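Engineer: Below is the structure I would like to discuss, written out as structure tokens.
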Amino acid sequence: MSLRNKVTLIGFTGKEVETVNFENGGMKVSVSLATNDHYTNAKGEKVEETQWHNLVAFGKTAEIFQKYVPKGKEIAIEGKLTYRSYDDKDGAKRYITEIRVDELLLLGGK
């Protein structure tokens, strides 16, 4: 197991899982994950920051997402950062950062 390009996050899903089925029988799912961080600023005020992450998963991990991960579910994931780009309809280059999920742990209650 390599420590290179490894991401571990715990958070809550921000939307329903979106599924894409491929002709070869494979599956891809995507979902957003919110993680929260708390700190005290220089004025002594408690500040909460929310970061949003784009998750993607394939194969068996995708099937688990599809069956057991609704919007608002607390999960822990482990995966790696991936980057891709595309040209939008106006010809502008767009960049996407995603986390390709290898491991998924369901947390919290139903």
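The values are calculated or read from the model by the stated rules, or taken from the named source; none is laboratory data. These numbers come from a predicted model, not from an experiment. No Cβ is skipped: glycine too gets one built from the backbone with ideal geometry, and neighbour counts run over all protein chains shown. SASA here: full protein model, heavy atoms, side chains in, ligands and nucleic acids out. Shrake-Rupley method; radii C 1.70, N 1.55, O 1.52, S 1.80 Å.
Engineer: Would you confirm whether any residue within the stretch 72-91 is exposed (fewer than 15 other Cβ atoms within 10 Å of the Cβ), among the β-branched types (V, I, T) and more than 16 Å from E103 (Cβ to Cβ)?
Structural biologist: Within the stretch 72-91 (the criterion being exposed (fewer than 15 other Cβ atoms within 10 Å of the Cβ), among the β-branched types (V, I, T) and more than 16 Å from E103 (Cβ to Cβ)), the answer is no, since none of the residues qualifies.
Engineer: Here is a follow-up. So, in the stretch 1-19, how many residues would count as being in a strand (DSSP E or B), surrounded by 12 or more Cβ atoms within 10 Å (Cβ to Cβ) and not small (G, A, S)?
Structural biologist: 7
Engineer: List the residue pairs whose Cβ atoms are under 7 Å apart, where the first residue sits in the stretch 20-37 and is under 19 Å from T97 (Cα atoms) and without any contact (Cβ under 8 Å) to a residue 24 or more places away in the chain, the second is assigned to a loop (DSSP other than H, G, I, E, B) and of a type in the set (A, V, I, L, M), and the two are 6 or more positions apart or on different chains.
Structural biologist: Nothing qualifies.
Engineer: Between residues in the stretch 70-81 that are over 26 Å from R4 (Cα atoms) and residues that are open to solvent by 60 Å² or more (accessible area, probe 1.4 Å) and part of a loop (DSSP other than H, G, I, E, B), which pairs lie under 6 Å by C-beta distance while being six or more apart or on different chains?
Structural biologist: K71/K15; K71/E16
Engineer: When you go through G44, G26 one by one, which is the residue that is surrounded by 10 or more Cβ atoms within 10 Å (Cβ to Cβ) and modelled with pLDDT under 95?
Structural biologist: Just a single option satisfies the conditions, and that option is G26.
Engineer: On to the next question. Out of the stretch 67-90, which residues are within 15 Å of the chain's Cα centre (by Cα), of a type in the set (G, A, S) and more than 15 Å from A34 (Cα to Cα)?
Structural biologist: G79
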